[in-house]
Every structure is written in C-alpha cells, then in structure tokens.
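Working notes, beginning with the structure itself.
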Amino acid sequence: MAFQEKDLRLIRKEFEDKTEKNPARIRLGNHFVDDFIFEDHEAADIPINALRVIFNIISIISSEQFRPEDRPKQLSLFDKEFETENNIFASMKIRNNKISPSGSTKQVVDAYEFLAKFKMSWYKSVNSNGKEIKTFGGLISTPSYDHRGYTSFLISSYWLKKLMVIPEYNYVLYNLVYNIRNNKHIIFAIWLSKLPANGTAVKLSTLNKKFGLNYKTANDFCFKFLKPARLSLHQYNNLSFSYRYKGDSIFIFPYHTKISTDIDLSVKNTGQPEITRRLRYFRKRYGLQENEMVQFNYQYRNIAQTRELIEKAFREFIRSNRSMGIKSTSFQGKAFLIEIQEIIIRLYRNTRTGNLLPNGYPVII
C-alpha cells in the first residue's frame with residue numbers, strides 16, 4: 001500500500017460538542033470494548049485523560065448510536081456514508097477543558113497523542129455489498145490543538161462503526177473519568193459492567209495479566225487492588241462489587257449501588273407478568289437452575305428483539321425434535337440452553353444484520 005494513500009483522507013461527516021449538559025451515562029458497545037480496550041483479553045493501559053477523550057467521543061455521537069436489530073435501515077445508511085471507499089473519516093471537536101479540567105495544555109496534547117499512536121494500523125472491514133474497505137490510523141488521526149478552547153481530530157470509519165453500531169452494549173457513568181483518578185479502576189469498572197449478574201471466578205494470573213499487574217498472591221490482589229477499586233466504585237459508580245478468594249481463585253460479584261443519579265435503572269413493567277410466567281415455564285419444564293437462568297432471564301426480560309428471537313428459536317427447537325421423534329424435555333438445564341443458543345446463532349446469521357455482523361448475536365448462556 002503506497003504511503004500516499006494514508007494521506008488521502010475523505011471527510012464525510014462533522015461532529016461537534018455543542019451541548020453544555022453532560023449525559024448521566026454513555027453506551028459502550030461490546031465490540032469496541034473488546035477490540036480496543038480488552039484485545040486478546042488484556043486491558044490496555046489507557047491514561048485517564050485519553051479515557052476522557054473516549055467518553056466524550058461517545059457522548060457526542062450518542063444520539064446516532066443504534067442497535068441494528070432495532071434500526072436495520074440505519075446500518076445501510078452508515079454503509080453508504082462511511083463504507084464505500086478507503087480511508088473515510090468523520091471529523092470531531094471536543095472542548096479542551098473536558099479533557100483537562102485544570103487547563104493543562106500538556107495533558108490535552110498527551111491524551112490525543114496517545115490515542116493517535118495507540119493501535120495505529122491498517123484496518124479492514126466489509127461493507128453490505130461485500131466490498132473490502134481499508135482505513136489507516138488509530139482511534140483518532142491528525143489531532144489539532146486549538147488555543148481557542150477546542151481540539152479537532154479525525155476518527156476512522158472502522159472505529160466509528162464499533163462506537164455507533166452497537167448490537168450489544170453496557171451503560172457506564174460518564175462522570176467516572178472525572179470522579180475517579182486511577183485509570184485502572186475505570187477500566188476495571190468497564191470490565192465489571194460486562195460480567196454476568198451472578199459474578200465470576202478468575203485466576204490470579206489471569207487478572208494480573210488482564211490489568212497489567214504483578215501481585216504475588218490473591219490476598220495481595222484483593223487488598224491492594226480490588227479493595228481501593230471497590231471503594232472508588234461504591235462511591236462514584238452505579239455498579240460496584242464484592243469479592244473473596246480461595247487459593248489463587250478470586251471471586252467477583254457485581255451489585256448495584258445506591259448512588260443518586262437521574263438514571264432510571266428499573267425494568268419497564270410493560271408485559272412483565274406474562275414475561276415472568278413464560279420464564280417460569282422455561283425454568284420448570286427444562287430444569288433450569290438459578291445460576292443457569294441469569295443471562296437467559298436478562299436477555300428475555302429486557303430486550304424485546306432478543307425475546308422474539310428466543311421464541312422463534314424455541315419453536316424451531318420443538319419442530320425439529322418432533323420431526324426426529326425426540327421429546328424436547330430430554331434436554332434439561334444447560335443442555336437446553338446450548339440447543340437454543342445454537343439455533344439463535346443460525347437464525348441470526350441468516351438475517352441481513354447477521355451477514356454484516358456475524359458475531360452480534362445475543363448470548364443467553
């Protein structure tokens with residue numbers, strides 16, 4: 001690829017931070033989090049001011065984020081706007097005082113320099129017509145510091161898609177990057193938001209590797225890293241956690257805090273009695289244990305499109321078993337969920353969205 005092609009950048013859209021009011025929370029797409037922050041299951045050591053840039057990028061584009069299941073036409077519009085030629089970008093401006101509230105020019109410059117260099121490479125994606133699109137750069141390119149109070153930069157179509165097209169996402173409080181000074185605590189909070197409600201067990205060596213730490217014992221990890229992180233999150237986040245360890249295994253259990261925000265974290269009540277009855281039916285008929293129901297329950301209860309897909313998969317499950325003379329109840333517990341998950345994946349990948357985002361299917365196990 002000729003070097004000159006790197007410099008040929010096409011600007012298709014402009015974003016600007018025009019509002020004085022900051023959001024209570026932002027939506028972090030799982031594809032972006034996995035690829036940019038936790039690539040190969042290790043967390044990048046992203047400085048606090050660079051995290052502020054990321055949070056503000058997401059805040060600015062938040063009104064244009066979408067789940068392709070909800071707005072499939074929006075995905076086509078995105079493709080037509082950003083994925084027809086190589087090296088297409090959007091331009092963006094962010095107030096400098098949102099990156100460095102203290103007014104430090106060095107902090108602002110260092111933050112953008114980090115993001116311009118971090119993961120700088122050629123990236124490839126395939127648009128809806130099957131054409132391969134290439135983009136060169138990091139998350140941002142060509143940052144320009146403006147002494148009038150803004151920094152402008154470009155953001156590639158590759159990363160913009162991961163930020164805007166969010167088949168799966170988690171909410172994170174916007175003010176985390178201003179209330180918590182330790183960048184690893186914020187990155188841990190992002191990881192925590194992805195955990196199942198019933199928690200997880202992780203080896204000390206895995207956690208050390210994931211967060212770039214080097215604690216010798218699980219006791220040290222818990223009391224030198226997890227304890228202060230928990231204090232930070234309990235004070236400033238809507239999600240904190242408890243923990244314990246046994247040998248070199250560390251058990252982490254997320255829970256919602258009583259933090260006062262204007263966020264409505266409650267589940268909408270529309271149709272909930274019928275949904276509850278249906279979940280009770282699945283649990284009783286297919287012998288699902290409480291720990292096996294956590295992810296299935298969340299997806300079925302809270303996401304209407306996923307609920308419809310589960311019901312479609314269940315009908316296919318019943319039809320297929322009848323055609324083979326097999327009782328559906330011969331699949332109990334996790335075996336039942338595995339069967340439904342496999343059908344969900346197959347049904348999802350037969351859709352247009354599934355062709356464009358083959359790994360965007362809902363996970364129920």
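The values are calculated or read from the model by the stated rules, or taken from the named source; none is laboratory data. Because the structure is a prediction, the values reported are computed rather than measured. FYI the Cβ positions are ideal-geometry reconstructions off the backbone, even for glycines, and counts take in every protein chain you see. Side chains included, ligands, DNA and RNA excluded: accessible areas come from the protein's heavy atoms. Shrake-Rupley method; radii C 1.70, N 1.55, O 1.52, S 1.80 Å.
What the table shows:
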| quantity | calculated |
| --- | --- |
| Hits in segment 214-230 (condition: within 21 Å of Ala189 (Cβ to Cβ) and either among the hydroxyl-bearing types (Ser, Thr, Tyr) or touching a Pro at 6+ places or on another chain (Cβ under 9 Å) (or both)) | Tyr215 |
| Any hit, segment 154-164, residues being more than 22 Å from the chain's Cα centre (by Cα) and either open to solvent by 40 Å² or more (accessible area, probe 1.4 Å) or not hydrophobic (A, V, I, L, M, F, W, C) (or both) | no |
| Only one of Ile364, Ile345, Ile326 that is open to solvent by less than 30 Å² (accessible area, probe 1.4 Å), at negative phi and either of a type in the set (A, V, I, L, M, F, W, C) or outside any helix (DSSP H, G or I) (or both) | Ile364 |
| Strands (runs of 3 or more DSSP E) enclosed by segment 102-219 - at least 3 residues per element that are at pLDDT below 90 | 121-126, 132-137 |
| Selected residue (criterion: least open to solvent (accessible area, probe 1.4 Å)) from residues of segment 174-221 that are touching a Phe, Trp or Tyr at 6+ places or on another chain (Cβ under 8 Å) and within 30 Å of Leu77 (Cβ to Cβ) | Tyr174 |
| Leading residue by the ranking (modelled with the lowest pLDDT) among those in segment 57-93 that are farther than 20 Å from Arg9 by Cα, of a type in the set (Val, Ile, Thr) and open to solvent by less than 10 Å² (accessible area, probe 1.4 Å) | Ile61 |
| Identity of the residue in segment 308-323, free of Cβ contacts under 8 Å to residues at least 24 places away in the same chain and surrounded by fewer than 16 Cβ atoms within 10 Å (Cβ to Cβ), that ends up nearest to Asn30 (Cα to Cα) | Glu308 |
| Any hit, segment 142-152, residues being surrounded by 16 or more Cβ atoms within 10 Å (Cβ to Cβ), charged (D, E, K, R) and either under 22 Å from Glu85 (Cα atoms) or over 22 Å from the mean Cα position of the chain (by Cα) (or both) | no |
| Test: Leu231 is open to solvent by less than 60 Å² (accessible area, probe 1.4 Å) and of a type in the set (A, V, I, L, M, F, W, C) | no |
| Residue match in segment 10-25 (condition: surrounded by 16 or more Cβ atoms within 10 Å (Cβ to Cβ), under 26 Å from Asn170 (Cβ atoms) and small (Gly, Ala, Ser)) | no |
| Selection status of Arg52, crowded, with 20+ Cβ neighbours inside 10 Å and under 20 Å from the mean Cα position of the chain (by Cα) | yes |
| Test: residue in segment 266-287 that is among the small types (Gly, Ala, Ser), within 21 Å of the chain's Cα centre (by Cα) and open to solvent by 50 Å² or more (accessible area, probe 1.4 Å) | yes |
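Every residue, every condition in (1) without any contact (Cβ under 8 Å) to a residue 12 or more places away in the chain; (2) in contact with a Pro (Cβ under 8 Å, 6 or more places away or on another chain), yes or no:
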residue	(1), (2)
Lys18	yes, no
Pro23	no, no
Ala44	no, no
Asn49	no, no
Ser62	no, yes
Met92	no, no
Ser104	yes, no
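Here's the yes/no breakdown for (1) part of a helix (DSSP H, G or I); (2) at pLDDT below 90; (3) open to solvent by less than 50 Å² (accessible area, probe 1.4 Å):
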residue	(1), (2), (3)
Lys258	no, yes, no
Met293	yes, yes, yes
Tyr300	yes, yes, yes
Gln305	yes, yes, no
